[in-house]
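The values are calculated or read from the model by the stated rules, or taken from the named source; none is laboratory data. The model shown is predicted, which means the values in this text are computed figures rather than measured ones. Cβ sites come from the backbone with ideal geometry, for glycine too, and all protein chains shown count toward neighbours. Each accessible area value is taken on the protein alone, full model and side chains, heavy atoms only, with ligands, DNA and RNA left out. Shrake-Rupley method; radii C 1.70, N 1.55, O 1.52, S 1.80 Å.
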Amino acid sequence: MEKKSEGDYWDYKQEWHSDNGKLLHDILCFANTVHNEDCYIIIGVTDNGEIIGLSEDSPNRKNQENILTLLHSTVFAGDLTPSISLETIKINDKEVDVLTIHNSFDVPYYLKFVSKRSNGLQFGYIYSRNGDRNTPITENSPMGQIELLWKKRLGLLNPPLQQIVSRLKNKTEWEKIEDTYYNIYNPDFKLVEEWDDEDRRHDNRPFYSYNQCNESTSFTTLKIMCRETVLKQFEIVTLDSGRYSTPAPEWGFIHDPIHKTQSLFSYRYMLKGSIDFALQQFLYDEENQEEWMARYRFDEVVLYFDNKTDQENFHQTIECNPEIVNQYIEDAKLRSYPISSNNKLEIKDVTNKLITGFAFNRFLFDYRRRQQGVEVKRIKSVKVISSSATILGRENVAKEQIDINENGAVRHSLFNNSDKKPEQVFKYKVDKYWMREFLNFLEPITTEWKTDYTVKVCSEYNWEFIMKYSDGTIKKVKGTFAPSPEGEEVERRIQVLTKYDIKPIIF
């Protein structure tokens with residue numbers, strides 16, 4: 001423990017409380033803080049920061065379930081319960097318990113009733129933490145501290161911009177008159193949209209406009225205001241001939257690992273914790289089907305990161321190994337990009353940016369799965385075999401086989417009871433891009449599949465799903481009529497992959 005003294009955010013205890021009332025008092029004090037940080041009760045450390053540690057035999061030692069039971073059996077006003085977590089860490093081979101009291105805006109917490117286990121705690125009293133001191137168990141917090149806690153719950157301790165952004169989450173608080181949104185509970189908070197004819201020129205379209213059904217695009221300026229003060233302003237882009245509006249996404253750049261000033265790739269992105277993202281969610285009407293589709297097409301070529309660290313880690317992965325995205329880019333190039341422009345340079349530029357958007361979004365999806373420990377593999381081909389005495393009443397058909405290849409070839413074979421060679425063979429050709437999209441859809445689903453879904457009561461019908469990967473490995477999954485997880489959607493996608501002469505049976 002580098003800090004040898006206690007403070008606003010932490011407290012040291014040599015051992016666990018023997019009195020649940022005192023433990024509850026400590027939790028309440030740390031839950032009722034004006035700052036916006038988690039707080040910690042560190043057990044196994046003396047008041048001056050010396051680590052003495054705990055053992056299995058330490059008196060009154062508790063686990064997380066014990067503390068949650070204590071909290072849930074306590075009657076809090078408004079039925080609001082402090083949020084906690086407990087973990088044990090080792091420092092110099094000594095165990096220390098760290099009880100985290102998570103920051104909350106539901107403050108102040110206080111008791112509605114007291115019970116025998118409360119041991120001296122007063123109902124209606126608000127206990128809080130001030131510096132390294134707790135409010136005594138027999139006293140109420142000072143009125144000024146209580147007032148600040150209520151202001152924290154109401155969001156009044158934050159600057160106006162933060163208050164406005166936090167209120168955007170509740171759309172019912174806002175009304176719109178012409179080009180102005182105002183907050184019905186605080187009309188000083190406004191979002192004002194201003195049109196700029198210069199910015200609405202059609203020759204100023206961003207590349208993502210060309211992934212919409214209609215590339216018609218316009219721009220406005222949205223000002224976040226408190227009274228008559230502009231706190232922040234954003235460029236709003238309206239896509240698909242007015243169907244979808246969003247703050248314009250930022251530019252991101254992947255730099256050459258050797259020549260740091262040169263960019264290998266550029267793309268557009270948003271951070272999920274940003275004001276831009278909060279505005280995007282506020283402006284979006286998810287119940288409007290046309291708007292939903294325009295949003296979907298926008299998201300296909302724009303990246304979203306949780307925060308700056310998430311984005312920086314993504315950059316570093318590619319910058320250290322640029323060829324890692326080559327296959328994704330080659331796949332995206334298979335797609336057709338009809339750009340309605342007479343300018344060849346614009347067509348080339350827009351096409352390259354759309355390719356990067358599609359490729360990076362797919363890579364980001366796989367990158368996050370790898371971070372979670374998933375073994376991501378590229379499917380090269382799929383073989384589906386289904387067999388029974390007769391396949392759902394089809395005469396002289398005992399087995400069906402579908403061979404699907406990444407080059408777009410699909411072969412559908414029908415076998416009778418005795419012949420090893422198929423009696424009928426149907427061959428089809430599927431667009432390579434849509435074939436790759438199908439295989440990309442299939443890969444994360446089948447990664448989770450077990451290898452055997454056999455159910456004895458369905459043993460008269462059998463299916464086998466065989467996937468070959470680009471690294472040469474093969475995965476075989478077998479079962480009976482009972483489908484695998486998400487098997488119905490897999491079957492549907494195979495059945496609509498091409499216009500079959502005879503619709504195949506998969507599961």
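Restricting the range 348-365 to residues that are free of Cβ contacts under 8 Å to residues at least 60 places away in the same chain and β-branched (V, I, T), the residue that is surrounded by the most Cβ atoms within 10 Å (Cβ to Cβ) is I355. Screening I164 on (1) closer than 24 Å to N36 by Cβ; (2) in contact with a His (Cβ under 8 Å, 6 or more places away or on another chain); (3) of a type in the set (A, V, I, L, M, F, W, C) shows it passes everything except condition (2).
Checking D57 against (1) farther than 25 Å from P136 by Cα; (2) part of a strand (DSSP E or B); (3) not polar (S, T, N, Q), which test does it fail? Tallying (1) farther than 25 Å from P136 by Cα; (2) part of a strand (DSSP E or B); (3) not polar (S, T, N, Q), D57 fails exactly one: (2). Among strands (runs of 3 or more DSSP E) entirely within the range 141-258, having at least 1 residues that are under 21 Å from V350 (Cβ atoms) singles out 218-226, 229-239, 244-247, 250-255. Within the range 471-492, at least one residue is over 24 Å from S388 (Cα atoms) and touching a residue at least 12 places away in the same chain (Cβ under 8 Å). Scanning the range 123-140 for residues that are open to solvent by less than 80 Å² (accessible area, probe 1.4 Å), at pLDDT 90 or above and in a loop (DSSP other than H, G, I, E, B) gives G124, Y125, I126, Y127, S128, T135, P136, I137, N140. Are any of the residues in the range 471-478 of a type in the set (V, I, T), under 29 Å from I329 (Cβ atoms) and assigned to a loop (DSSP other than H, G, I, E, B)? Yes - at least one qualifying residue is present in the range 471-478. Can you name every residue in the range 177-199 that is among the charged types (D, E, K, R) and more than 30 Å from the chain's Cα centre (by Cα)? Scanning the range 177-199 gives E178, D179, D188, E194, D196, D197, E198, D199. Among the residues of the range 6-30, the ones that are over 18 Å from E87 (Cβ atoms) and aliphatic (A, V, I, L, M) come to 2 in all. If the condition is being in contact with a strand residue (DSSP E or B) (Cβ under 7 Å, 6 or more places away or on another chain), within 24 Å of N32 (Cα to Cα) and not in a strand (DSSP E or B), then the range 78-97 contributes only P82.
Within the range 289-337, the set of residues being in contact (Cβ under 8 Å) with a residue 40 or more places away in the chain, more than 20 Å from the chain's Cα centre (by Cα) and assigned to a loop (DSSP other than H, G, I, E, B) comprises L334, R335, S336, Y337. Screening Q401 on (1) assigned to a strand (DSSP E or B); (2) modelled with pLDDT under 95; (3) open to solvent by less than 10 Å² (accessible area, probe 1.4 Å) shows it passes everything except condition (3). Among the residues of the range 134-170, those identified as touching a strand residue (DSSP E or B) at 6+ places or on another chain (Cβ under 9 Å) and touching a residue at least 40 places away in the same chain (Cβ under 8 Å) are N134, T135, S141, Q145, P160, L161, I164, V165, L168.
The rows are residues; the columns are (1) surrounded by 12 or more Cβ atoms within 10 Å (Cβ to Cβ); (2) under 22 Å from Y12 (Cα atoms); (3) modelled with pLDDT of 95 or more.
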| site | (1), (2), (3) |
| --- | --- |
| G78 | no, no, no |
| I84 | yes, yes, yes |
| E87 | no, yes, yes |
| T100 | yes, yes, yes |
| S115 | yes, no, no |
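The single residue among L283, L303, L345, L334 that is open to solvent by 30 Å² or more (accessible area, probe 1.4 Å) and in contact with a strand residue (DSSP E or B) (Cβ under 8 Å, 6 or more places away or on another chain) turns out to be L283.
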